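Structure, as structure tokens:
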Amino acid sequence: MVKLEKIVSDLASEDRRLRIDAAKKLGDIRDEKAIKPLIGSLKDIDPDVRLAASDSLFKIGSVTVDYLIKALDEDNNNLLLRVIELLGEIGDKRGINPLINFLDEKNNVFIRIAAVKSLAAFDDSRIIDPLISILTDKRYMLRIAAVDAL
């Protein structure tokens, strides 16, 4: 059996196919030790590597949520968008408050839209007032996303 450390090291390979394969294998293994390296791969220059890492994090499931929440502190829009989407896809309620924080006006409109869409996945009363407040935003795309979410 291939060692976890070897697969994780393949995430840093110059060969994009090797990085994609490593990300996929880590999702199949579903070991918590793979979470941080997979989150790091969400910043990869290659969109196929980012997609494979994202799919693997989703496969690993709820155990990734605390790590994903910590990754929300990163200053990388590709990473933020995917982490926000994953929190909605996984659907663990620990993600609600961090997602609500991304509705703030200071955030990039695409980040805000992603947060709105992810919040729509939750059946929880905490999301209603924050989404209603978006209905008066000057950006129509954001208002449309809020209406769909509600």
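The values are calculated or read from the model by the stated rules, or taken from the named source; none is laboratory data. What you are looking at is a predicted structure, and each value in this text was computed from that prediction instead of being measured. We place every Cβ from the backbone using ideal geometry, glycine too, and count neighbours over all the protein chains shown. In case anyone asks, the SASA skips ligands and DNA or RNA and just uses the protein heavy atoms, side chains included. Shrake-Rupley method; radii C 1.70, N 1.55, O 1.52, S 1.80 Å.
Quick notes on this one:
- Residue check, Lys43 closer than 18 Å to Glu85 by Cα and open to solvent by 60 Å² or more (accessible area, probe 1.4 Å): yes
- Condition met for Arg143 (open to solvent by 30 Å² or more (accessible area, probe 1.4 Å), free of Cβ contacts under 8 Å to residues at least 12 places away in the same chain and either assigned to a helix (DSSP H, G or I) or not polar (S, T, N, Q) (or both)): yes
- Among the residues of segment 4-11, none qualifies, meaning not one is within 26 Å of Phe110 (Cβ to Cβ), open to solvent by 50 Å² or more (accessible area, probe 1.4 Å) and either part of a helix (DSSP H, G or I) or among the basic types (Lys, Arg) (or both).
- Selection from segment 105-150 of residues that are more than 15 Å from Glu85 (Cβ to Cβ) and of a type in the set (Lys, Arg): Lys106, Arg126, Lys138, Arg139, Arg143
- Of the residues making up segment 107-117, not a single one is in contact with a Pro (Cβ under 7 Å, 6 or more places away or on another chain), surrounded by 13 or more Cβ atoms within 10 Å (Cβ to Cβ) and either under 28 Å from Leu38 (Cβ atoms) or among the small types (Gly, Ala, Ser) (or both).
- Selection status of Asp73, open to solvent by 40 Å² or more (accessible area, probe 1.4 Å) and either free of Cβ contacts under 8 Å to residues at least 12 places away in the same chain or among the charged types (D, E, K, R) (or both): yes
- Among the residues of segment 121-130, those that are in contact (Cβ under 8 Å) with a residue 24 or more places away in the chain and not charged (D, E, K, R) comprise Ala121, Phe122, Ile127, Pro130.
- Subset of segment 46-70 [surrounded by fewer than 14 Cβ atoms within 10 Å (Cβ to Cβ) and not basic (Lys, Arg)]: Asp46, Pro47, Asp48, Gly61, Ser62, Asp66
- Near pairs, Cβ below 8 angstrom, 6+ apart or cross-chain, from segment 82-109 (within 12 Å of Pro130 (Cα to Cα)) to any residue that is among the basic types (Lys, Arg) and open to solvent by 30 Å² or more (accessible area, probe 1.4 Å): Ile96/Arg126; Asn97/Arg126; Ile100/Arg126
- Boolean, Val65 is among the β-branched types (Val, Ile, Thr), in a helix (DSSP H, G or I) and under 22 Å from Ser41 (Cα atoms): yes
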